[in-house]
Amino acid sequence: MHYLLRRKVTLLWIALLSTSCAMAQRNTLNLEGRDDRPYHFGINLGYNKSHFSFTHHPRFLEYDSIMSVESINNSGVNLAFLTNLRLSSHFDLRVHPLDLTFSDKAFLYSQKYESDSVTTRRVQSITLSFPVNLAFSSDRIGNLKVYTFAGGRIDYDLASNAKAESAEDLIKLKKTNFSTEIGLGFHIYFPFFVLSPEIKMSHGLVNLHSRDVNLKYSNVIDKVYSRMITFSVTVE
């Protein structure tokens, strides 16, 4: 299933890039005065792949009930609203006042003394984010413009279980996270709107793990950081 979805995303990107090349070669300029507006808005829809970067706790070496721990890549979706503030002919401030991310990360455990030698513990998140990015764009070439951006975001996990009562199969995570972002995209100018496909990488800076020594799947892990790559399309 994930292979087929990745294939569809790849084909979509190829189609968008092919469309952008065709649009760039057209003689008619669409939305000529659009880039001179002080601000504009958009809706963003994305597909993400996320996982945890983590370190083992010394307890992992002291006990032999869990033989190994791995972080698994899983997919999710993003939905956001964009507000773009023009700073100059090449720089823009891009803010998402409402950004919802649905993600599904997981840890894979190999166990020695359990009937199920391999088990997966999923961590599902519904994250409300506030990203702020500074974008640098190229000169417009026909109906195509390339841009890069970098910035940061504050995340609040609405599904966090950090305060949940102890349960053997839990991995508790904190609610709040801070991340850096970097990405690349294209503005494709159509007669009535601008389509902006982009790819973005997010790197969490906060240790999210709320470690509980009483939980066997949690006490072998020390620090946990979020990692995400997002393919998205914005209609502006």
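Treating only the Cα positions of segment 90-141 as identical point scatterers, give the base-10 log of I(q)/I(0) from the Debye formula at each q in 0.23, 0.31, 0.32 Å⁻¹.
Debye intensities relative to I(0), on a log10 scale: -0.89, -1.09, -1.11.
Number of Lys-Lys pairs in segment 99-236 under 21 Å by Cα, sequence gap 8 or more or different chains?
Going through segment 99-236 pair by pair, I get 19.
Over segment 31-80, what lengths in whole Å, largest first, do the semi-axes of the equivalent ellipsoid take, defined as the square roots of 5 times the eigenvalues of the alpha-carbon gyration tensor?
Rounded to whole Å, the semi-axes are 48, 12, 7.
Using only the alpha-carbon atoms of segment 120-236, report the extent along each of the three principal axes, biggest first, to the nearest angstrom.
If we take the Cα atoms of segment 120-236, the spans are 62, 23, 23 Å.
Take the Cα of VAL118, step 7 Å along the line toward its Cβ, and report every residue of segment 60-79 whose backbone nitrogen sits under 14 Å from that point.
67-73
Could you state the number of Å between the C-alpha centres of segment 49-117 and segment 178-213?
Each part reduced to its Cα centre gives a spacing of 13 Å.
Which ³J(HN,Hα) values, rounded to whole Hz and listed in residue order, are derived for segment 216-228 from phi using the Karplus coefficients 6.51, -1.76 and 1.60 in 6.51 cos²θ - 1.76 cosθ + 1.60 with θ = phi - 60°, glycine and proline given as x?
Result, rounded to whole Hz: 5, 7, 9, 6, 8, 10, 9, 9, 10, 10, 8, 9, 8.
Ordered by packing density, taken as the mean number of other Cβ atoms within 10 Å over each peptide's residues, highest first, how do 63-71, 217-225 rank?
In descending order of packing, they fall as 217-225, 63-71.
Contour minus end-to-end for PHE130 and SER53, with contour as 0.36 nm per residue of separation and end-to-end as the Cα-Cα distance?
On the way: separation 77, 0.36 × 77 = 27.72 nm, distance 2.20 nm.
Fully extending the segment from PHE130 to SER53 adds 25.5 nm.
Since every read-out is calculated from the coordinates, none of them should be taken as a lab result. All values reported here derive from a predicted model rather than from experimental measurement. Note: ideal-geometry Cβ built from the backbone for every residue, glycine included; neighbour counts use all protein chains shown.
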